[in-house]
Every structure is written in structure tokens, then in C-alpha cells.
């Protein structure tokens, strides 16, 4: 466990995000007299169907109750993005803490039943993990070292390397991608089209099942490529610089807003300049992950947000430490998998960080 924490801390420091991701710099907690702003009000929260988002959702749920709200258990409404944003826009849900931008802006372009645009009824709330969702492809280190692999582009262009990744015998190399409803799968489809990778395709299944296969292959030194992200506990098992490396997508090019597949909202698949700040000890060189560091943010129903300015004011300054949450996710991954365990971990984090939480609550009371 010490080894895992050490690796995790080293990776997060390399992101140069620690200072931005710490708790708010607010001063003394303000006292709020009178009724709590959430008294007599209910909030319907959802959470995403990936485990790395559970802890932050529960922290937000508990802190919102300190403003007097009765908040539903996010575990009771676990959704994929393709379902969540429409229900949010219709007012069936008030908020969640699991948006990944800009990728999830794709879902804003959809139409509601009344013909209006989903994005016209929802809004981002600043705070949480801005520029913190580092993501990309991991490759088996020993395989990359033995073959001088530096990029996905190189693999696509080398029939021998493609053949080693061809797991179903169709002549095309396979890499582990995302489940079909996560948005990252659509972004990878756009990347394949943008780069002209005719010799590579993504395998789509349940992520944890794919991860288990990928981990076995990496530990055995077998050819393997998998998409993953941070903050998550996944990089404490597939450890960049140990059994895997972050893999450069293309030496120079990054997916732009040209929408090569013509998908609705596909212009939001753009990855800006891409993340390129890892060194040669953890990333193939020249390092270019081909994915920008995403903003992981709260998204709320606009009507609800207008009616609850105190809650929005509080959430806007809620910036828990990425390191803290990543360590909590490792504890979650090593736990019994229950919602009770998620609640316990979140509760303990709030108790440990009581002074920061008090500042958040004070902002909500003043809002």
C-alpha cells in the first residue's frame, strides 16, 4: 500500500495540479443566522456509472445536507452520461458531480422531447477538479521497450505490431477503450478517424473487466494498450514507469474540432493542445497523450440553480484535494465494494478536513 500511495503522489505532483486542486483559500468561516437555505427542500442527486466518481458524489451529498437540504442517495440513481443530461434538463435530477468537460458538452447538443436543446436547460458549476482529469493510453512497458514503441501512430503503421494486438484474428489491432455510454468511446472513434488509423480498433466492454485483462497482460509482459484516467485507483496497479507507460498518440497532431465522424456535438471531442507534461520515466517520448486534462465538474439543472443560489455559491468553491480524493479511491478499491464503505470514507474525509468544509458551508450560508 505504501508503494501505491508513493506512486500516486509522484504522478499527481507531475500533473502540476496540486496547488489548483487544494481546498479553497477562504478566510474565517462566516456565521449564517436564521433558517438554513436548504431547510424544507429536497435535492435529487445522480452519480456516474464509474467507480472513481463515487467518493466526490458522497462528499457533496453530505456537505449539502449541512445547508439543510434532504439529499437523495446518488447510489440510487447511477447513470451513464447519455441518460443523465437529458434527465437533468427535464428537471428529473438536480445535479451530479461527474461531468468531464469538454467531452461531455457533446450531450448538451441533444434535443429534448419539446424540441429545445438540452444545453439550454443545464449549467456547469465551477469548482471541483478543474484541469485535473488527466487521461490517455497506457501500454505494456516491457513490450514498448523491446520494440522501440513511441506512439499509437507508429503501432498503426507497423503490421508486425498490429498483429501482436490482434486478439480476434480480423487483421486489426485491438486496444481496450471505454464502455459504449461513457463519451470517451466516442472521442476515441473520432481520434481513429482523425488520425486515419485503419489498423486499430477499440474493444468495448465493462471497464473493470477490461482493466483486469489489461493488468494480467501488463504484468506478464504481453502486448496491451488501455485507456485510463486520473484521479483513479487504476494507476496504482497499472503503474506508469513500472509495468506500463503512458503512450504518445501522435508525435505532433492532436484531435481538433473538425468532427471527422460527423457525430452530433462531435466538435466537442477536440482535445486542445493535449497533455504533454510527463517525463521519459513514465511516458513515451516526445510525450503527447492526445487528450487534454479535463475539467471534472458539477452540472446542475438551470432552474434548480437559480432557485438555490446558496448551494451554487458553496459548490463553486468546493475544491477538494485531488491527492486526497485519489488516496480515498485507493481505499475504496481495497474495500468491500459497498455503498456503506463509500459513505464511511467520505465521512472520514469530511471529519479530517472540517475547517475547509466549514468555509464551504459558510459560503453557502452567505450565498
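The values are calculated or read from the model by the stated rules, or taken from the named source; none is laboratory data. Small disclaimer: the values here were computed from a predicted structure and weren't measured. All Cβ positions, glycine included, derive from the backbone under ideal geometry; neighbour counts span all protein chains shown.
Of all the listed residues (295, 276, 242), the sole one being surrounded by fewer than 21 Cβ atoms within 10 Å (Cβ to Cβ) and not in a loop (DSSP other than H, G, I, E, B) is 295. The listed residues are 180, 213, and the only one of them that is within 30 Å of residue 329 (Cα to Cα), surrounded by fewer than 22 Cβ atoms within 10 Å (Cβ to Cβ) and modelled with pLDDT under 95 turns out to be 180. A single entry from 313, 328 fulfils the requirement of being surrounded by 15 or more Cβ atoms within 10 Å (Cβ to Cβ) and either modelled with pLDDT under 95 or assigned to a strand (DSSP E or B) (or both): 328. Residue 283 fulfils the conditions (1) over 30 Å from residue 148 (Cα atoms); (2) at pLDDT 95 or above except for a single criterion, (1). Kindly indicate whether residue 146 is in contact (Cβ under 8 Å) with a residue 12 or more places away in the chain and either closer than 30 Å to residue 321 by Cα or surrounded by fewer than 19 Cβ atoms within 10 Å (Cβ to Cβ) (or both). No, not satisfied. Put simply, of 46, 57 the only residue that is more than 20 Å from residue 360 (Cα to Cα), touching a residue at least 12 places away in the same chain (Cβ under 8 Å) and touching a helix residue (DSSP H, G or I) at 6+ places or on another chain (Cβ under 9 Å) is 46. When we screen 308, 301, 268, 334 for residues that are over 26 Å from residue 106 (Cβ atoms) and under 22 Å from the mean Cα position of the chain (by Cα), the only hit is 334. Could you list, in sequence order, all residues of segment 333-367 that are free of Cβ contacts under 8 Å to residues at least 60 places away in the same chain, surrounded by 13 or more Cβ atoms within 10 Å (Cβ to Cβ) and out of contact with any helix residue (DSSP H, G or I) (no Cβ under 6 Å at 6 or more places or on another chain)? 341, 344 - these are the residues of segment 333-367 that are free of Cβ contacts under 8 Å to residues at least 60 places away in the same chain, surrounded by 13 or more Cβ atoms within 10 Å (Cβ to Cβ) and out of contact with any helix residue (DSSP H, G or I) (no Cβ under 6 Å at 6 or more places or on another chain). Look at (1) out of contact with any strand residue (DSSP E or B) (no Cβ under 8 Å at 6 or more places or on another chain); (2) surrounded by 17 or more Cβ atoms within 10 Å (Cβ to Cβ) and you find that residue 227 fails only one, number (1). For segment 192-208, filtered to residues that are within 18 Å of the chain's Cα centre (by Cα) and in a helix (DSSP H, G or I), the residue that is surrounded by the most Cβ atoms within 10 Å (Cβ to Cβ) is 207.
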